[in-house]
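K.L.:
The structure's right below; bear with me while I get my questions together.
Just so it is clear, none of the values below were taken in a lab; they were calculated from the coordinates. Not measured: the values here are computed from a predicted model. Counting neighbours? That spans all protein chains shown, and the Cβs are built from the backbone with ideal geometry, glycine included.
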Amino acid sequence: MKPLAELDARAVRGVLFDIDDTLTTDGKLTADAYAVLERLKRAGKALVPVTGRPAGWCDHIARMWPVDAVVGENGAFYFWHDAQAGRLCRRYQDSAAVRAARRAQLQAVANSILQAVPGCALAGDQAYREADLAIDYCEDVPALPLDAAERIAALMREAGLTAKVSSIHVNGWFGSYDKLSMCRTLCAERFGVDLDADNRAWVFVGDSPNDAPMFEFFERSVGVANVARFAAQLAAAPQFVTRAGAGAGFAELAAYLLKSA
């Protein structure tokens, strides 16, 4: 991973970013991190959080934050607020009927994992999810080691789920989509952008293994410093890394992009 100073930030038009431990710090959205979102927006950058967090959170984010859209539940959907129509719009990977049927299957998988891995729990935000299962290994439970998170992911895969480890949860879902696939859909449908052709106009910043498809794809992918925690678990590492961690690292990147604009 190269230092941020080596990133060519000229002509960057948009920023895609993880939330937990990338934008937030110790579970909190700081004033500094939120302020740089507003500065980036005023500078004309397209802003899209790309998160494993649930539909309930994404409803709020799309309505309230200075962003153009939000990708949630690791690529299950994107939401955006249509200011002209005055309403929230939702675009899902799967139909409502498919999502409803799969939720019952996910509950059965959850029950087996909770019995097999002592100390884990359903994520506190599970009730607000529409398409995936989130197992908490260090957010609202005493922190488990990363090998416990990997064990949870392995059990999900044995049950036929796609599984990804984040900095706080292990997420599992039926289907082959991920953060990158829904970002491709979002950028094509909302911005008229082909990410393959326009890769260098976008920066992605994240911190954990579920960001690996984004780290691998984007030529200008950035890890905040705490990405080092997952060095051994990353299928692909970011191209660049900030000096600071979490929200301070995001603010560092934002300041660099604004200075280079």
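K.L.:
For segment 150-155, take each phi angle, set θ = phi - 60°, evaluate the Karplus expression 6.51 cos²θ - 1.76 cosθ + 1.60, and give the result in whole Hz per residue in order, putting x for glycine and proline.
P.N.:
5, 5, 4, 4, 5, 5
K.L.:
Quick one: helix 55-64 against the long Cα principal axis of the chain, what's the angle to the nearest 10°, folded into 0 to 90?
P.N.:
20 degrees
K.L.:
Also, I was wondering about something else. With just the Cα atoms defining each centre, how far is segment 126-151 from segment 1-15? Give it in Å.
P.N.:
When both Cα centres are located, 32 Å separates them.
K.L.:
Give, in nm to one decimal, the length gained when the segment between residue 157 and residue 243 is fully stretched (0.36 nm per residue of separation minus the Cα-Cα distance).
P.N.:
Values: separation 86, 0.36 × 86 = 30.96 nm, distance 3.46 nm.
27.5 nm is the gain from fully extending residue 157 to residue 243.
K.L.:
Just how large is the dipole of segment 200-261 about the Cα centre, in debye to the nearest 20, putting +1 at every Lys and Arg Cβ and -1 at every Asp and Glu Cβ? Please report the intermediate quantities before stating the final value.
P.N.:
Numbers: 5 positive and 5 negative charges, 37 e Å.
Dipole about the Cα centre, nearest 20: 180 debye.
K.L.:
Let me ask you something else. Across bins of 5 angstrom width beginning at 0, how are the C-alpha pair distances of segment 21-158 distributed, in whole percent?
P.N.:
Binned Cα distances yield the sequence 2, 9, 16, 19, 18, 14, 11, 7, 3, 1.
K.L.:
Which residue, chosen from 110, 257, 204, occupies the Cα position most advanced towards the positive end of the dipole of segment 107-261, where the dipole is computed from +1 (Lys, Arg) and -1 (Asp, Glu) charges on Cβ about the Cα centre?
P.N.:
Checking the options against the dipole of segment 107-261, the answer is 257.
K.L.:
Quick one: 3J(HN,Hα) in Hz for segment 202-217, Karplus 6.51/-1.76/1.60 with θ = phi - 60°, rounded, Gly and Pro as x.
P.N.:
Per residue, the Karplus-derived 3J(HN,Hα) values read 10, 10, 10, 10, x, 8, 8, x, 6, 8, 4, x, 6, 4, 5, 6 Hz.
K.L.:
Charges on Cβ only, +1 for Lys and Arg, -1 for Asp and Glu, centred on the Cα centroid of the chain; of 156, 23, 175, which one is farthest towards the dipole's positive end?
P.N.:
Projecting each Cα onto the dipole axis, the largest value belongs to 23.
K.L.:
When the dipole is taken about the Cα centre of the chain, and only Lys, Arg (+1) and Asp, Glu (-1) are charged at their Cβ, what size is it in debye, to the nearest 20?
P.N.:
Details: 28 positive and 32 negative charges, 124 e Å.
Here the size comes out at about 600 debye.
K.L.:
What is the distance in Å between the Cα centroid of segment 61-125 and that of segment 190-240?
P.N.:
21 Å
K.L.:
Please report, in debye to the nearest 20, how large the charge dipole of segment 14-61 is about its Cα centre when each Lys and Arg carries +1 at its beta carbon and each Asp and Glu carries -1 there.
P.N.:
Values: 6 positive and 7 negative charges, 60 e Å.
Dipole about the Cα centre, nearest 20: 300 debye.
K.L.:
Amide H of residue 241: which non-local residues (sequence gap of 5 or more, or other chain) have their own amide H closer than 5 Å, using H built in the peptide plane?
P.N.:
2, 4, 223
K.L.:
Under a GNM of the chain (C-alpha, springs under 10 Å), which listed residue has the highest mean-square fluctuation: 50, 193, 205?
P.N.:
Top of the fluctuation ranking is 193.
K.L.:
Trypsin sites (Lys or Arg not before Pro), restricted to segment 208-255: which are DSSP loop and have at most 16 other Cβ atoms within 10 Å?
P.N.:
Values: sites: 220, 229, 243; in loops: 220, 243.
Answer in residue order: 243.
K.L.:
Something else: Output wanted: per-residue J couplings in Hz (rounded whole) for segment 160-171, from phi through Karplus 6.51 cos²θ - 1.76 cosθ + 1.60, θ = phi - 60°, x for Gly and Pro.
P.N.:
Going residue by residue, I get x, 8, 7, 10, 9, 9, 9, 6, 10, 10, 10, 9 Hz, with x marking Gly and Pro.
K.L.:
Does segment 1-93 come out rounded, prolate or oblate, given a ≥ b ≥ c as the square roots of the eigenvalues of its C-alpha gyration tensor, rounded meaning a/c under 1.5 and, failing that, prolate meaning a/b above b/c?
P.N.:
On the way: a/c = 1.66, a/b = 1.42, b/c = 1.17.
Note, shape of segment 1-93 comes out prolate.
K.L.:
Can you give the local net charge around residue 88? Use residues other than it whose beta-carbon is closer than 9 angstrom to its beta-carbon, Lys and Arg +1, Asp and Glu -1. Intermediate values should be presented prior to the final figure.
P.N.:
On the way: positive: 63, 87, 90; negative: 59, 82.
That sum, taken over residues with Cβ under 9 Å, equals +1.
K.L.:
Taking 0.36 nm per intervening residue step and subtracting the Cα-Cα distance, what contour gain separates residue 38 from residue 127 on full extension? Present the calculation step by step, with values, prior to reporting the outcome.
P.N.:
Working: separation 89, 0.36 × 89 = 32.04 nm, distance 2.99 nm.
That pair, residue 38 and residue 127, stretches by 29.0 nm at full extension.
K.L.:
May I pose another question? Show log10 I(q)/I(0) for the chain at q = 0.09, 0.10, 0.14, 0.15 Å⁻¹, two decimals, from a solvent-free Debye sum over equal Cα scatterers.
P.N.:
Ignoring solvent entirely, the Cα scatterers give -0.37, -0.46, -0.92, -1.06.
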